[in-house]
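K.L.:
Right, I'll just put the structure down here and ask away after.
Here, each number is a calculation from the coordinates, and none is a lab measurement. Please read all numbers here as calculations on a predicted model, not as lab measurements. So basically every Cβ, Gly included, is an ideal-geometry build from the backbone, and we count neighbours across all protein chains shown.
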Amino acid sequence: MDSTCRKSRDRISNLPDAVLCHIISFLPTKFAVGTSVLSKRWRHLWASIPDLDFDDELLLDRDEPVGDSGRSILFKNFVDTVLLHGSRSCIRKFRLKCSDYELDSSVNSWICTVLERNVRELDLYFDLLSVEFSTDDSAQRLLSSCPVLEELVIERWRLDEQWVFNVSAPTLKSLQIYFSVDGLACIAEQEDELMVEMGNEQLVAPQVGPEDESEGEAEDEPEEQKYKLVVDAPNLEYLSITDFVSEDYLMSNLSSLVKAYVNVGPTIRGFDDQILYRGRIFELLRGISVVKHLSLSGETLHSLSRMLCGYVLPAFPNMTRLELEFDYGYGLEFLTEFLDMSPNLEILILDNVNKDECEVDEWASPLKVPTCLELHLKEVEIKKFDGLDFELGAIDFLLKNARVLKKMGIDCRDWRDGQEFCACEKLSGFTRASRSCEFTVLCHCGGICLLS
């Protein structure tokens, strides 16, 4: 009886090695290695797991009475031991989270080691103070060492001498970029305040970036360098960009792009040249114009608003889904521009954020009805509807001209200054070009109003 119970308690150890390795591969490597003390059966299993996950914060207890140098040595020895004694010839996933500045050279060695073992997924998280790109092609040299790279996330939290950030990867399918630094969140607000205070006078913003040379030396310097983002990825399907650093974009060979999210605005060095920083957004949109699903943030449209400056939106011949955020109503004038340039659009989502100080008074209908409204637009969703004149004008225009519209949904739960009105009464009077359109309104009380 006792013998039977003992055997039943250790059923896991009787599983095949491949199954056990798969199980412990979900653990951080610290705990995976720790299973070696369970029994002789488990002693060497960790050496065969294909996924490695190292975290210096997890491995080392900061409360232990060990100096910083001692912690660095312990972590370095642990990673070295695992990489040296592992029996794996191919590493499926390598994750490294390290905030220790003293391990720069070791980090480089570890990355080279896993690249030599044909790592399939590389997840690196560093305190950026500990990572320095010496030349513009440093990042690209790292990426070129990953011949099967499919997913890449890049976060940049401080300025450095990497003026051109080049992402050229033929196998890349998903790219997420987050370039931002402290203090950028209020740049757009500062711009509006200065425009009001200074009227039409030229705006000159304080420069935020690498330390300036002395005034006397600056006169002899060549033209100021600009932060630039270059993306060349013929198999890229998903692109997400949140960027308040780059001042120029070069997007090429994005023929496979399906979904894109763009959140860009005034750059790190301010808004002294409004035309140029808005122009760079047009160039970015031109580079991703093959996209099928596009989402633009309120910050992006706010930056474009009121300053066309001769720039023309590119055509989006493949786009079937468009989501636009309107920040304080800015950018609404681009709605008809996007409709004009998206002849095959089927789904439109509008989200009006930050309406408490809305700067747009009324909707201006275009002289020509966009092609997509007459032939393809099937679904419209209006988020955070508040009953403002420009919102009502836009809805009226869409209903009056969308001939094949199947569904329009309006969320009016977000009221302006507590004002309540019967949205259904106002909206029900609008003419509809599509007789088969299902028109629903989600009211502030939580009820759903179906307009016939």
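K.L.:
Once you put a point 7 Å from the Cα of I12 and another 7 Å from the Cα of V258, both along the Cβ direction, what distance in nm separates them?
P.N.:
Going by the 7 Å Cα→Cβ label model, 3.7 nm.
K.L.:
A further question follows. Among the lysines, select those whose C-alpha is under 27 Å from the C-alpha of K30, and discard any that sit fewer than 8 residues away in the same chain.
P.N.:
K40, K76, K93, K97
K.L.:
Quick check: net charge around V290, other residues with Cβ under 12 Å of its Cβ, Lys/Arg +1 and Asp/Glu -1?
P.N.:
Surrounding charge for V290 is +2.
K.L.:
Hey, with R₀ at 30 Å, roughly what FRET efficiency would Q176 and R403 work out to, going by the Cβ-Cβ distance, to 0.05? Don't skip to the answer; put the middle values down first.
P.N.:
Numbers: r = 38 Å, r/R0 = 1.26.
With R0 = 30 Å, the Cβ-Cβ based efficiency is 0.20.
K.L.:
How much net charge surrounds V148 when only other residues with a Cβ under 15 Å from its Cβ are counted (Lys, Arg +1; Asp, Glu -1)?
P.N.:
Working: positive: R92, K93, R117, R120, K173; negative: E116, E121, D123, E150, E151.
Around V148, the charge tally is 0.
K.L.:
So which lysines pass the test for K383, namely a Cα distance under 18 Å, with those fewer than 8 places away in the same chain ruled out?
P.N.:
The qualifying lysines are K355, K406, K407, K426.
K.L.:
So, one more: Can you pull the one-decimal nm distance between simple spin-label points at S105 and K426, each 7 Å off the Cα toward Cβ?
P.N.:
Here the answer is 6.9 nm between the modelled labels.
K.L.:
Using a Förster distance of 45 Å, how high is the FRET efficiency between L115 and E381, based on the Cβ-Cβ distance and rounded to 0.05? Could you put the intermediate results ahead of the total?
P.N.:
Values: r = 45 Å, r/R0 = 1.00.
In this case the efficiency is close to 0.50.
K.L.:
Would you grab the residues whose amide H sits under 5 Å from the one on E121? Only those 5+ places off in sequence or on another chain, please, with H modelled 1.01 Å from N.
P.N.:
K93, F94
K.L.:
Still on this structure, please answer the following. What FRET efficiency do you get for I23 and A433 if R0 is 45 Å and r is their Cβ-Cβ distance, rounded to the nearest 0.05?
P.N.:
0.15
K.L.:
Further, regarding this structure: What net charge do the residues around F397 carry, taking every other residue with its C-beta under 14 Å from that of F397, with Lys and Arg at +1 and Asp and Glu at -1?
P.N.:
My count for the surroundings of F397 gives -4.
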